[in-house]
1. Name the aspartates and glutamates eligible as straight-distance cross-link partners of A:Lys78: C-alpha to C-alpha under 16 Å, and not fewer than 8 places from it in the same chain.
2. Run through the DSSP bridge list for chain A and note the antiparallel percent, rounded to the nearest 5.
3. In nanometres, what is the gap between the two model label sites at B:Arg22 and A:Tyr39, each 7 Å from Cα along Cα-to-Cβ?
4. What is the mean number of Cβ atoms from other protein chains located within 10 Å of the Cβ atom of each residue in peptide B:100-107, rounded to a whole number?
5. Cut-off under 30 Å on the C-alpha distance; same-chain residues fewer than 8 positions from B:Lys13 excluded. Which lysines are left, in chain and number order?
6. Filter the trypsin sites (Lys or Arg not before Pro) in segment B:23-68 down to the DSSP loop ones having no more than 12 other Cβ atoms within 10 Å, then list what survives.
7. Convex hull over the Cα atoms of chain B, averaged projected area in nm²?
8. Test of the criteria: in segment A:1-89, which GluC sites (Glu not before Pro) are in a DSSP loop and have at most 12 other Cβ atoms within 10 angstrom of their Cβ?
Amino acid sequence: AQSVTQLDSQVPVFEEAPVELRCNYSSSVSVYLFWYVQYPNQGLQLLLKYLSGSTLVKGINGFEAEFNKSQTSFHLRKPSVHISDTAEYFCAVSSSNDYKLSFGAGTTVTVRA
Amino acid sequence: ETGVTQSPTHLIKTRGQQVTLRCSSQSGHNTVSWYQQALGQGPQFIFQYYREEENGRGNFPPRFSGLQFPNYSSELNVNALELDDSALYLCASSGGTGGTEAFFGQGTRLTVV
């Protein structure tokens, strides 16, 4: 079984400032890692995913994440945020390729002008 | 655009009633997973269907049941509704030509009164 801990429940940030959302996972097997974004009253949209290979993963909307196996972390970053990045962000893990996702509790990002 | 559609979008039911939620998977996908997202929490895995067979179940009671049809669309049924069943129910399709990504629908908001 896998589990995910998102270390920050809320992250306020000013427009054009950088942001980092922290995610740690636990698993006894190899995992795939994901970050999803959820805008109000909508479903989940995939930002990026780590399956294998390079530990630095680039996603949509200028987001990137780094997989650190020794620290079992998969932190999400964006160098300069926009108002439109205000949303809920979820880190998720699955074992291998079974599509069964375990999600963290989410981080609410609020971008202020 | 994900191509995963869920119906209805909103639903209000009375405690003790039964409800059926529907999901049309994206073309080419053979796997459907259902998640429950309570307010302010991350999605929780309910179960998954692969080629019309249940392929894994989360920690949900038997009154949560499902079906997958030959066209890979799916239903989630919940009997004897309880107030705590109020949540956003998300369907995700994957597999087949979808590769490693799970594509989510917009969800069904269920309110039990």
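1. Correct list for A:Lys78: A:Asp8, A:Glu15, A:Glu16, A:Glu20, A:Glu64, A:Glu66, A:Glu88.
2. Numbers: 35 of 40 bridges.
If I count the DSSP bridges inside chain A, around 90 percent turn out antiparallel.
3. The answer from the label model is 2.7 nm.
4. On the way: counts 8, 6, 10, 4, 8, 3, 4, 5.
So the per-residue partner count for this stretch is 6.
5. Answer for B:Lys13, where 30 Å is the Cα cut-off: A:Lys100, listed by chain and number.
6. Details: sites: B:Arg51, B:Arg57, B:Arg63; in loops: B:Arg51, B:Arg63.
Taking segment B:23-68 and a limit of 12 other Cβ atoms within 10 Å, the loop trypsin sites (Lys or Arg not before Pro) found are B:Arg51.
7. Details: hull surface 26.1 nm².
So the mean shadow area of the Cα hull is 6.5 nm².
8. Working: sites: A:Glu15, A:Glu16, A:Glu20, A:Glu64, A:Glu66, A:Glu88; in loops: A:Glu15, A:Glu16.
Answer by residue number: A:Glu16.
Any read-out appearing in this document is the output of simple, stated calculations on the displayed coordinates, not a laboratory observation. Because the structure is a prediction, the values reported are computed rather than measured. FYI the Cβ positions are ideal-geometry reconstructions off the backbone, even for glycines, and counts take in every protein chain you see.
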